[in-house]
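Working notes, beginning with the structure itself.
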């Protein structure tokens, strides 16, 4: 009885874990690039849309970062080349969630390393967590791509929620403030929100569109 309950519990967890990446791999041919973290491949004669696992690239509307992420993915996995797909789980849109390799290069990880994608922290199951977090730390330290503005550009998962989150997206060519503030020194919640809109993204620690919640 205990063994059956345990087995049932494991089955439920696996069913719910849509982003877990199983240890499966297979060759495929790149057909097209959708955006910075989506591409279509031919896999055994089947046309498959792949959502790159464990990362989140800027949306196409997040200029110029979305376009740059797409261009980087095109360079890393050009149309017509053979790549290896590792993973077969599906997301709610029916896309295959996978890591993509071209030769020995982990394309997903390389996008993070180049500053063209963020680590998707809540969906890191099945990927090498330390490798991804280390690559993101290096990109941030070097101020590459999405990290070229203080605190990084608006996270794509925040952008997709819309609303006020889009109001503090910082144009690539705008003057970016270089002074870094600490919540405890700002003095008021309202001022913290103004600073967030000016580009001080690091004040929003949990990427929910609100800075310094403790000042409320």
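FYI, it's all coordinate maths here, none of it is from the lab. All values reported here derive from a predicted model rather than from experimental measurement. As a convention, Cβ positions derive from the backbone with ideal geometry for all residues, glycine included, and neighbour counts pool all protein chains shown.
Set the Förster distance to 45 Å, then compute FRET efficiency between residue 42 and residue 197 from the Cβ-Cβ distance, nearest 0.05.
Efficiency computed from Cβ-Cβ geometry: 0.50.
Just to be sure I understand the model, the point goes 7 Å from the Cα along the line to the Cβ. What's the resulting residue 79 to residue 93 distance in nm?
Output for this residue pair reads 1.9 nm.
Does region 76-136 come out rounded, prolate or oblate by the C-alpha gyration tensor, with a ≥ b ≥ c the root eigenvalues, rounded set by a/c under 1.5 and, if not, prolate when a/b is larger than b/c and oblate if not?
oblate
R0 = 35 Å: FRET efficiency of residue 188 with residue 49, Cβ-based, nearest 0.05?
For R0 = 35 Å, the calculated efficiency reads 0.15.
If the label point is 7 Å along Cα→Cβ of residue 160, which residues in region 60-74 have backbone nitrogen under 19 Å from it?
Of the residues in region 60-74, 60-63, 65-71, 73 have backbone N under 19 Å from the label point off residue 160.
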